[in-house]
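Following: one structure in structure tokens, then a few remarks.
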Amino acid sequence: MRISLIEELAKKGNIFNFEEALKLSNVKEDILWVILSRLEKKGWIERIEKGKYMIIPLGAKKGEYTLHEFVIGSMLVKPYCISYWSALHFYGLTEQIPNTVFIQTPSRKKKQELVIFGVKYKIIRINNIKIFGVRKEWIEGKQIEIVDKEKCIIDCLDKPQYSGGIIEVVKALKNEKLDRTKLSKYAQQIGNTGAIRRLGYLCDYLKISIKLPDIITRNYLLVDPTMVNKGTKNSKWRLVINLNKEILGNLE
């Protein structure tokens, strides 16, 4: 029974949840919990979270084998999408390696910060209107949902605290393959003028031509909310430019 269950689950991929196992096993819930517990003790599966497991291949050892962090992340909350600094790195838009996997979702999750198999995961809850620009990418035999390059940059401008700071976005914006029309559309679609303002200022700074609406507000925002509230004011984009100009100069 246990071997056949693993074989059937493996046909669907290297990860599964309790509900999927229940459909295939044809046994009562309490019995299935016992079966899964025994499979885990034998080193055939490993628990990701309660009711969520990965299958350990033959020849691999429990505790030494793991899956790509995006595959694990795809199990943590539904719906989900990989974004922010994680997507920046995935697309090669930053050379910095984030020590956290950033996942956005409109759903509630009790634990928003988790450590699984030594990897940190951060679940960021966002409004439904901010979910767009999503594509699929095959990783280790599973389709992973991840934002496209342009939406990744807008997400980072919307919430710079999850991007490694605005400096990483400055580096990313220098990529000539970015679709500027899509960047403009996404900045307006996300529903946060902060994203428009930051994009506008950075494009002006980098001499990137882009069409954005005028900003009509008296309020000023920090161009980088992860840094100190100190700097010159830019009246066009209503931003406090609290960036280290020496670093910016080195990025030109």
Item to check | Yes/no for LYS151 being modelled with pLDDT of 95 or more, part of a strand (DSSP E or B), more than 28 Å from LYS11 (Cβ to Cβ) and of a type in the set (Lys, Arg) | outcome: no
Next on the checklist: Within the range 220-229, does at least one residue satisfy the condition of being assigned by TED's automatic domain parsing to the domain that holds SER86, aliphatic (A, V, I, L, M) and outside any loop (DSSP other than H, G, I, E, B)?
Outcome noted: yes
Item to check | strands (runs of 3 or more DSSP E) contained in the range 36-142 and holding at least 2 residues closer than 12 Å to ILE15 by Cβ | outcome: 45-49, 52-55
Item to check | Criterion: among the small types (Gly, Ala, Ser) and within 30 Å of LEU157 (Cβ to Cβ) - qualifying residue of GLY51, GLY73, GLY43 | outcome: GLY73
Checklist entry - Among the residues of the range 1-35 satisfying the criterion of being of a type in the set (A, V, I, L, M) and outside any helix (DSSP H, G or I), which is modelled with the highest pLDDT? => result ILE15
Item to check | Residues of the range 156-190 that turn out to be touching a Pro at 6+ places or on another chain (Cβ under 7 Å), buried (at least 19 other Cβ atoms within 10 Å of the Cβ) and not hydrophobic (A, V, I, L, M, F, W, C), as a count | outcome: 2
Checklist entry - Could you say whether any residue in the range 232-246 is surrounded by fewer than 16 Cβ atoms within 10 Å (Cβ to Cβ) and assigned to a helix (DSSP H, G or I)? => result yes
Checklist entry - Would you call LEU58 out of contact with any helix residue (DSSP H, G or I) (no Cβ under 7 Å at 6 or more places or on another chain) and closer than 18 Å to VAL115 by Cα? => result no
Checklist entry - Can you name every residue in the range 178-212 that is among the basic types (Lys, Arg) and over 10 Å from ASP158 (Cβ atoms)? => result ARG180, LYS182, LYS185, ARG197, LYS207, LYS211
Checklist entry - Quick one: in the range 164-186, which of the residues that are under 15 Å from PRO225 (Cα atoms) and small (Gly, Ala, Ser) is nearest to the chain's Cα centre (by Cα)? => result GLY164
Checklist outcome for this item: Only one of GLY141, GLY133, GLY73, GLY59 is free of Cβ contacts under 8 Å to residues at least 24 places away in the same chain and either within 14 Å of the chain's Cα centre (by Cα) or exposed (fewer than 14 other Cβ atoms within 10 Å of the Cβ) (or both), namely GLY59
Next on the checklist: Restricting to the range 1-17, and then to whatever is without any contact (Cβ under 8 Å) to a residue 40 or more places away in the chain and buried (at least 16 other Cβ atoms within 10 Å of the Cβ), can you tell me which residue is farthest from MET75 (Cα to Cα)?
Outcome noted: LEU5
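The values are calculated or read from the model by the stated rules, or taken from the named source; none is laboratory data. In this text, all values refer to a predicted model and were calculated from it rather than measured experimentally. With ideal geometry, Cβ positions are generated from the backbone for all residues, glycine too; neighbour counts draw on all protein chains shown.
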